[in-house]
Amino acid sequence: MSNLRQQFLEDLQLNGLSKKTQECYLSSVSLLARFYNRSPKLLSENEVRSYFVHLINKKKLSQSSVKQYRCGIRFLYEKTLGIKWRIFDIVRSRRKTKLPVILSFKEVMDLLSNVKKPVYKMCLIMMYSCGLRLSESINLKVKNIDGDRKQVRVHGKGDIFRYVPIPDRTLFLLRQYWRKYRTMPYLFSSPKSKKPIDRKGISIALKMALKQANILKPVTPHSLRHSYATHLLENGVSIRVIQEILGHRSPVTTLRYLHVTEKSMLVFNDAVNGLMSKLQL
């Protein structure tokens with residue numbers, strides 16, 4: 001297995017996959033080998049099929065998790081071992097459609113005003129006002145901020161970089177924060193370790209702020225990114241521009257915000273009420 005693992009890792013690297021993707025694919029293949037206690041190159045297509053049935057029916061993995069397993073294991077067989085099996089074209093899991101949790105602008109302001117620790121507050125402000133993912137925000141470095149151009153260079157999914165505008169007010173608050181705390185090299189780091197703040201700490205701070213603001217929605221840090229995109233859409237920014245700012249590869253991902261904007265629902269309600277105003281019994 002060690003020789004196969006090394007060859008698999010080299011193939012992943014040669015294919016230009018990010019380090020995080022390489023780790024995910026390696027993990028998927030290792031778990032398959034551990035499940036049968038045999039090298040994957042000794043398995044049959046029916047055994048691989050049974051493994052995916054186990055993942056879906058027994059472990060009840062999410063659609064995204066099953067997709068991750070399929071991509072990793074498929075890469076091993078098709079790219080490294082040169083084996084093409086039909087199972088990889090048919091394995092799927094039930095897709096669940098979820099609408100994102102959206103906060104109103106007032107709720108966002110109430111939430112942020114109740115975050116007590118400055119490092120967590122500024123990190124969440126950057127998430128909302130620049131539409132960043134949590135991982136993107138906590139890993140921001142001082143050198144990523146271009147104050148003259150009012151932009152932040154964001155290291156996104158798949159090692160893809162993008163530039164996002166920083167609103168004037170956010171840039172003012174960010175400069176105020178940095179002058180006081182002088183964190184280096186990361187903007188949001190622990191004074192002792194100099195490493196980025198951890199996800200758990202910011203999640204706890206968010207939950208406490210939600211309680212203080214009396215917001216009962218099932219909000220996560222990612223809800224700030226969803227709210228940012230929705231508020232931009234409500235204020236006339238095009239889907240295409242929002243897609244670029246958020247770093248979505250497909251416009252389909254961005255289009256879901258059309259379903260949750262208050263203004264679109266108001267327009268719909270006005271149209272329906274006008275259309276049906278002359279109905280009689």
- [ ] Quick one: Val164 ticks every box in (1) closer than 24 Å to His226 by Cα; (2) in a loop (DSSP other than H, G, I, E, B); (3) touching a strand residue (DSSP E or B) at 6+ places or on another chain (Cβ under 6 Å) except a single one, so which number is it?
- [x] (2)
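Yes/no per residue for (1) of a type in the set (A, V, I, L, M); (2) closer than 20 Å to Leu111 by Cβ; (3) assigned to a helix (DSSP H, G or I):
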{"site": "Ser227", "(1), (2), (3)": "no, yes, yes"}
{"site": "Thr230", "(1), (2), (3)": "no, yes, yes"}
{"site": "His248", "(1), (2), (3)": "no, no, no"}
{"site": "Thr254", "(1), (2), (3)": "no, no, yes"}
Open item on the list: Criterion first (in a helix (DSSP H, G or I), closer than 30 Å to Arg175 by Cα and touching a residue at least 40 places away in the same chain (Cβ under 8 Å)) does Leu112 satisfy it?
Closed with: yes
- [ ] Name the residue, out of Lys106, Lys117, Lys67, that is closer than 22 Å to Leu9 by Cα, surrounded by fewer than 17 Cβ atoms within 10 Å (Cβ to Cβ) and of a type outside the set (Ser, Thr, Tyr).
- [x] Lys67
TODO: Look at segment 15-27 and say how many of its residues are modelled with pLDDT under 90, in a helix (DSSP H, G or I) and surrounded by fewer than 16 Cβ atoms within 10 Å (Cβ to Cβ).
DONE: 2
- [ ] Could you look through segment 28-57, keep only residues that are farther than 11 Å from Ile73 by Cβ and among the hydroxyl-bearing types (Ser, Thr, Tyr), and pick out the one that is surrounded by the fewest Cβ atoms within 10 Å (Cβ to Cβ)?
- [x] Ser44
TODO: Just one of (1) under 30 Å from Ala213 (Cα atoms); (2) part of a helix (DSSP H, G or I); (3) among the β-branched types (Val, Ile, Thr) trips up Val66, so point out which.
DONE: (1)
Task: Odd one out for Phe172 among (1) in a strand (DSSP E or B); (2) farther than 24 Å from Gln243 by Cα - done: (1)
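If a residue must be buried (at least 16 other Cβ atoms within 10 Å of the Cβ) and not small (Gly, Ala, Ser), how many such residues does segment 156-172 contain?
The number of residues fulfilling the criteria is 4.
Could you count how many residues in segment 42-51 are farther than 12 Å from Arg86 by Cβ, in a helix (DSSP H, G or I) and not hydroxyl-bearing (Ser, Thr, Tyr)? First the steps, then the outcome.
Taking segment 42-51 first, the residues farther than 12 Å from Arg86 by Cβ are 42-44, 47, 50-51.
Filter once more, keeping what is in a helix (DSSP H, G or I): 42, 47, 50-51.
Subset that is not hydroxyl-bearing (Ser, Thr, Tyr): 42, 47.
Residues in segment 42-51 being farther than 12 Å from Arg86 by Cβ, in a helix (DSSP H, G or I) and not hydroxyl-bearing (Ser, Thr, Tyr): 2 in total.
The values are calculated or read from the model by the stated rules, or taken from the named source; none is laboratory data. Quick caveat: nothing in here was measured; it's all calculated off a predicted structure. Note: ideal-geometry Cβ built from the backbone for every residue, glycine included; neighbour counts use all protein chains shown.
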